[in-house]
Amino acid sequence: MAAQSQIWPEASQFIMKIAVGMPPTEVHAIFDTGSDLFWTQCLPCANCYRQTNPIYNPSKSSTFQTLSCKSPQCHLTGSGAACSSTDTCKYNYGYGSGLTQGELATEQMAVTSSSGAMTPFPGVVFGCGHNNTGTFNANEMGLIGFGRGAISFVSQIGPSVGGRKFSLCLMPTNTDPTISSSISIGTGSEVKGPGVITAQLVQISDPTYYSLTLTGISVGNTLVPYSTSGPPAKGNAVLDTGTPPTLLPKELYERLTAEVRRQIPSEPIGDTLCYKDNLGDLVMTLHFDGGVDLPLSTVQTFNQMPDGSFCFAAMGVDDDSALIGNSMMANFLVGYDIDNMTVSFKSTDCTKIG
């Protein structure tokens, strides 16, 4: 039976619930396949952002233990690990949108499914963050990394639940935040059955990322190739639940959006790629290496805004690589399997599986 936890939308991110310590503190952390470290805000604070729920206090937990500098796990966060005068492993972990600093420690953790089934995990390495800055809001108590790296939460607990694999179902961004979905980890989390689309992950130099080779995107029946100058690089597209929009190289984005404009029957609002209503029955398809095609409806390609309009869920960036953000994975049950290097997609109403 897979270990399960609840997950819900929060300000265009997704939050996973996890219990930390003994007695447990309930932590609500941003779920991120684009990084490895799990960290939470931690007393005493040198610089913590405002948080609604109580900040985790290691001095109140009987199972908290700082990592020694001599521990092999101390150096798994990459170049950011350092030693303190008391032989405590310090870390410094940066994101596109912020920074966390503190000490690495081990702690008793547990996840609980919506039906109340609890799975405990002793001795999980995490970041006790005393200095945390960035675009985090008061309901986001930290960030839980589910990347492929050795220190990620799934890599640490995978062996105890039958393998480094997990599946989750992200709801569309305008979903009522009181509706929760679930994440399953280990044996029993596999995405199976009719309609499953499976792609092979590509090993790239970065050990964290889930990378696929995106060869092109179709708008209706019109193919927009990834590159106009030869085949794209292997592993050129990363699946990242911690980034809301899909990011595409500018040159591809411009060719793609010209085709989207051409095929949508109504006029966009001003010079944006937002529409008041009628998007038609536009279907876009992501084409991955090996002849794997992933059809997307307007639920995945357009976000409904507070004013009721619909805006394209991608942006153009100065980069050769693409990033597939969380809004484009909405209403798919997505299974990630690190051991077999696959990712599987199954079209699902994610508001119905909490």
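A few remarks follow.
- Top-ranked residue in the stretch 261-285 [being under 30 Å from the mean Cα position of the chain (by Cα), within 14 Å of residue 222 (Cβ to Cβ) and outside any loop (DSSP other than H, G, I, E, B); ranked as modelled with the lowest pLDDT]: 261
- Residue check, residue 102 in the same structural domain as residue 144 (by the TED database) and surrounded by fewer than 16 Cβ atoms within 10 Å (Cβ to Cβ): no
- The single residue among 254, 259 that is among the acidic types (Asp, Glu), more than 28 Å from residue 157 (Cβ to Cβ), buried (at least 16 other Cβ atoms within 10 Å of the Cβ) and not assigned by the TED database to the domain that holds residue 13 turns out to be 259.
- Residue within the stretch 304-326 that is in a helix (DSSP H, G or I) and at pLDDT 95 or above present: yes
- Which numbered condition residue 198 misses (of (1) open to solvent by 10 Å² or more (accessible area, probe 1.4 Å); (2) outside any loop (DSSP other than H, G, I, E, B); (3) more than 25 Å from residue 348 (Cβ to Cβ)): (3)
- Cβ-Cβ distances below 6 Å connect the following pairs, each with a first residue in the stretch 314-328 that is surrounded by fewer than 18 Cβ atoms within 10 Å (Cβ to Cβ), a second residue that is aromatic (Phe, Trp, Tyr), and a separation of six or more residues or different chains: 316/253.
- Residue count for the stretch 201-219, restricted to those that are open to solvent by 50 Å² or more (accessible area, probe 1.4 Å) and either at pLDDT 95 or above or touching a Lys or Arg at 6+ places or on another chain (Cβ under 7 Å) (or both): 3
- Scanning the stretch 111-120 for residues that are open to solvent by 10 Å² or more (accessible area, probe 1.4 Å) and in a strand (DSSP E or B) yields 112, 118, 119, 120.
- Test for residue 310: is it touching a residue at least 12 places away in the same chain (Cβ under 8 Å), over 25 Å from residue 156 (Cβ atoms), open to solvent by 50 Å² or more (accessible area, probe 1.4 Å) and of a type outside the set (Asp, Glu): yes
- No other residue among 219, 196, 202 is within 25 Å of residue 263 (Cα to Cα) and either touching a strand residue (DSSP E or B) at 6+ places or on another chain (Cβ under 8 Å) or of a type in the set (Phe, Trp, Tyr) (or both) apart from 219.
- Residue satisfying all of: in the stretch 1-31; open to solvent by 30 Å² or more (accessible area, probe 1.4 Å) and not in a strand (DSSP E or B); nearest to residue 160 (Cα to Cα) among these: 1
- Selection within the stretch 220-251: residues that are of a type in the set (S, T, N, Q) and within 30 Å of residue 143 (Cα to Cα). The member of this set that is surrounded by the most Cβ atoms within 10 Å (Cβ to Cβ) is 246.
The values are calculated or read from the model by the stated rules, or taken from the named source; none is laboratory data. Remember, it's a predicted structure, so these values are computed and weren't measured experimentally. Quick reminder, even Gly has a Cβ in these numbers, built from the backbone with ideal geometry, and neighbours come from all protein chains shown. Side chains included, ligands, DNA and RNA excluded: accessible areas come from the protein's heavy atoms. Shrake-Rupley method; radii C 1.70, N 1.55, O 1.52, S 1.80 Å.
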